[in-house]
Amino acid sequence: MSQLSLRSIHKAFGTIDVIRGIDLDVAEGEFVVFVGPSGCGKSTMLRMISGLEDVTSGEINIAGKDVTRVAPAEREIAMVFQSYALFPHMTVAENIGFGLKLARRPRDEIKRKVEEVAAVLQIGQLLERTPRELSGGQRQRVAIGRAIIRQPRIFLFDEPLSNLDAALRVQMRLEIARLHQRLGATMIYVTHDQTEAMTLADRIIVFNKGHIEQVGAPMELYEWPANMFVAGFIGAPA
Ligand code: ADP
Ligand code: MG
């Protein structure tokens with residue numbers, strides 16, 4: 001059984017068709033990367049999977065359950081964006097624990113889980129700081145921590161590293177790979193960065209104008225691109 005299955009997903013904004021028939025199955029624990037030109041619908045697709053955006057038609061299943069009309073909070077999905085969207089007036093610990101606080105978990109449980117998550121992300125020494133006192137990479141770790149603590153079935157990442165400088169991007173990429181191994185979670189990751197796509201992905205999904213151009217393992221797409229469009233995305237030097 002797939003962890004996530006998308007059936008015939010369509011999305012229109014007004015009269016504009018942005019997603020034009022997406023079918024995809026993602027296995028439990030799989031790392032899937034979406035690539036494609038700006039405006040081809042990658043973020044819209046993630047927002048529909050998370051429930052932040054309604055589908056115009058089609059069906060979304062998570063762990064065998066139809067969640068097409070289910071509220072975001074009940075989908076067991078966490079999303080990490082490129083802008084960190086942390087609460088500026090809260091400490092790191094409060095930011096990470098916020099979801100559990102909303103869920104009215106006991107204070108000592110929240111404290112213990114925040115400490116566990118912070119240890120995994122190596123930010124245990126930053127728990128009493130506010131976001132303003134953190135570097136970009138540290139902020140992104142807090143944003144990832146906030147996602148992990150809810151133990152979602154599926155993580156969605158929308159270009160999470162694109163605001164970071166090159167060296168930090170490499171470091172965070174390795175950490176995301178490590179996190180994926182450690183949690184064994186299903187991850188869907190949007191990126192512009194070919195190296196990220198090639199090194200992180202079990203499978204790469206190449207989007208173009210709201211449909212899927214090709215799906216395959218990184219080396220498969222690299223060696224056998226279906227057309228020039230895919231070749232331009234996967235084969236061209238970074
Ligand atoms: P990508 O993430 O691949 O760059 P997006 O999913 O952000 O692409 O956008 C796909 C298309 O949908 C773009 O043409 C964008 O302008 C349009 N779009 C996205 N969100 C909205 C919205 N809320 N209202 C109208 N058009 C939108
Ligand atoms: Mg986008």
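Restricting attention to the chain, lysine pairs at least eight places apart or on different chains and with alpha-carbon atoms under 13 angstrom apart total 5.
Sequentially through the range 78-84, phi angles give Karplus couplings (6.51, -1.76, 1.60; θ = phi - 60°) of 10, 10, 10, 9, 6, 8, 6 Hz, Gly and Pro residues having no value and appearing as x. By other beta-carbon atoms within 10 Å, ranking Arg107, Arg153, Arg169 with the fewest at the front produces Arg107, Arg153, Arg169. Each Cα pair under 8 Å and six or more residues apart adds its sequence gap; the mean of these over the residue count of the range 56-186 is a relative contact order of 33 percent. The amide H of Tyr189, built 1.01 Å from its N in the peptide plane, has Val32, Val33, Phe34, Phe157 as neighbours under 5 Å, considering only residues 5 or more places off or on other chains. Each of Ile77, Ile22, Ile96 was scored by other Cβ atoms within 10 Å of its Cβ. Listed from fewest to most, they are Ile22, Ile77, Ile96. Taking label positions 7 Å along the Cα-Cβ direction at both Met90 and Ala217, the computed distance is 4.1 nm, reported to one decimal.
Taking packing as the residue-averaged number of other Cβ atoms within 10 angstrom, the listed peptides 221-229, 50-58 run from highest to lowest as 50-58, 221-229. Note on Glu128 and Ala71: the model spin-label points, each 7 Å out from Cα along the C-beta direction, lie 3.6 nm apart. Taking Lys and Arg as +1 and Asp and Glu as -1, the other residues whose beta-carbon sits under 14 Å from that of Pro72 total +1.
Looking at the chain alone, DSSP beta bridges between its own residues are antiparallel in about 55 percent of cases.
Coordinate-derived values only; no laboratory data. Note that the coordinates shown come from a computational prediction; the quantities given were computed from them, not determined experimentally. Neighbour counts run over all protein chains shown; Cβ positions are idealised from the backbone, glycine included.
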